[in-house]
Amino acid sequence: MQTKNIKKQKVLVAMSGGIDSSVAAYLLKEQGYDLIGIHMKFWTEERKQEGFLSGKENKCCSIESVEDARDVCNQLNIPFYVLNFRDDFKDDVVKYFINAFKAGLTPNPCVVCNKKIKFGLLYEKLKEFDADYVATGHYARIAKISGKYYLQRAKDISKDQSYFLHNIDKSVLSKTIFPIGEIDSKEQVRKIAFDIGLRISQKKDSQEICFIPGNDYKGFIARNVRHESPKGDIVDMHGNIIGTHDGLLYYTIGQRKGINTKLITPLYVIKKNFKNNTLIVGSLEDCTINNINLLNANFLTDDIDDYKYDMKIQIRYRGKDLEVEKFNIINNNTLNIVLKDGDVGIAPGQFGVLYNKDNIVLGGGVINIKE
């Protein structure tokens, strides 16, 4: 009797050189998938120093990261490729970040990178590599309910990254795998890496934006935004001058530290008035916002209106869930959200992400403060 030759399903695994993507690849291999390791090369800032072009490498695609990813692929005996997305990353992610700062907004480049690069350009490579799925080391899950695919928070809520993934196209969900989304904790992921002998098992997590090494936001903005941001007055809610700011671009809504006044009372950034070059500050109560719009909304479910009485919103990564009191679709891609208790530090340009009680991602959009 002749046995049928069943083709293994092929997966493109995004290999950053970190623990999460490495363990994701190992788990998929153990499950019998045919893997191809893909390392993505992103943009690195170049700047002149002593007459020469130089610059610190992008954290995600440094020489060390490439070699770590290659070593893991060699250990797992899977092919390894480096794809150059440098120009696309600069055009789609870095320019977005810079333009948002110019407009006085609070950007989140990881959300844009996931949509445009990891689940955009990389997803488009499926056909070229004759692959069936894309997999990454994100802490998130894909849930299949009544034949439909949904994005869901990871089992380890403390590490969940679905917030960064809410803007991807829902059509990619059926072709996406998040292998570590069902693991209970990061410690467990590290233990797997250690148990299988990965050299990187104790590698530290990166908490910074990959193209801003050393978390030097102020330096990066000064070098790249190329938009004058002179010093000006800090004023209270009544218009009284109480200090001097270093340039409006260097402050975010809700910020408390770094506000240069002689007052002892804690103050928060309420608004940035670019017309008058003033930084408006106030108390925690002054900073509380209840009513917001979500612009350029992306929906990951066809029936989001059905969840209007079962909805919560996350305003920032690792931010607490806020209860939604009212939800309205203004037009096809603008939502109005009224928060039950309000929150402080909600800034235009941030992303608001909507979830139901089962931690299914319903959608999200760019925050605009409704005045």
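Taken together, the values in this text are just the output of simple stated rules run on the coordinates, not laboratory data. Just so it is clear, the structure is predicted and the values come from calculations on it, not from any experiment. Heads up, the Cβs are rebuilt from the backbone with ideal geometry, glycines too, and the neighbour counts pull from every protein chain shown.
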Nonlocal amide H pairs with E325, under 5 Å, H built at 1.01 Å: V338, L339, K340
Spelling it out for M15: with amide H atoms placed in the peptide plane at 1.01 Å from N, the residues 5 or more places away or on another chain with amide H under 5 Å from its amide H are I38, H39, M40
Provide the per-residue ³J(HN,Hα) series for segment 321-338, in order, calculated from phi with Karplus coefficients 6.51, -1.76, 1.60 and θ = phi - 60°, each as a whole number of Hz, with x at glycine and proline positions. 6, 10, 6, 8, 8, 9, 9, 9, 8, 6, 8, 4, 9, 10, 10, 10, 10, 10
Calculated from DSSP H runs of 4 or more alone, at -39500 (n - 2.57) each and per residue, what is the 222 nm mean residue ellipticity of the chain, nearest 500? -4500 deg cm²/dmol
Taking N as the number of residues in segment 229-282, the ratio of its alpha carbon radius of gyration to 2.2 N^0.38 Å works out to 0.95
Crossing angle, helix 63-76 versus the chain [Cα axis fit, 0-90 degrees, rounded to tens]: 30
Can you list the HN-Hα couplings for segment 266-283, worked out from phi with the Karplus curve (6.51, -1.76, 1.60; θ = phi - 60°), rounded to whole Hz and with x for Gly and Pro? x, 10, 10, 6, 9, 7, 10, 9, 6, 5, 9, 6, 10, 9, 9, 10, x, 7
Just one of [x] 59, 48, 43; [y] 53, 47, 42; [z] 88, 60, 35 is Cα extents along the principal axes in Å as worked out from the coordinates here. Which one is it? [z]
How large is the convex hull of the C-alpha atoms of segment 106-165 per residue, in Å³? 102
Cut-off under 5 Å, modelled amide H: who pairs with I367 long-range: L295, G349, Q350, F351, G352
Residue-wise, which Karplus ³J(HN,Hα) couplings in Hz belong to segment 11-26, taking 6.51 cos²θ - 1.76 cosθ + 1.60, θ = phi - 60°, and x for glycine or proline? 10, 7, 9, 6, 10, 7, x, x, 5, 4, 5, 5, 5, 4, 5, 4
Rounded to the nearest Å, the spacing of the alpha-carbon centers of segment 290-349 and segment 157-185 is 20
With 22 Å as the cut-off, how large is the P(r) tail for segment 288-369, expressed as percent of Cα-Cα pairs? 11
Do any trypsin sites (Lys or Arg not before Pro) in segment 140-214 lie in a loop, going by DSSP, with at most 12 other beta-carbon atoms within 10 Å of their beta carbon, and if so which? R199, K204
Per segment 10-215, sqrt(5λ) over the Cα gyration tensor eigenvalues, sorted largest first, in Å, gives 27, 21, 17
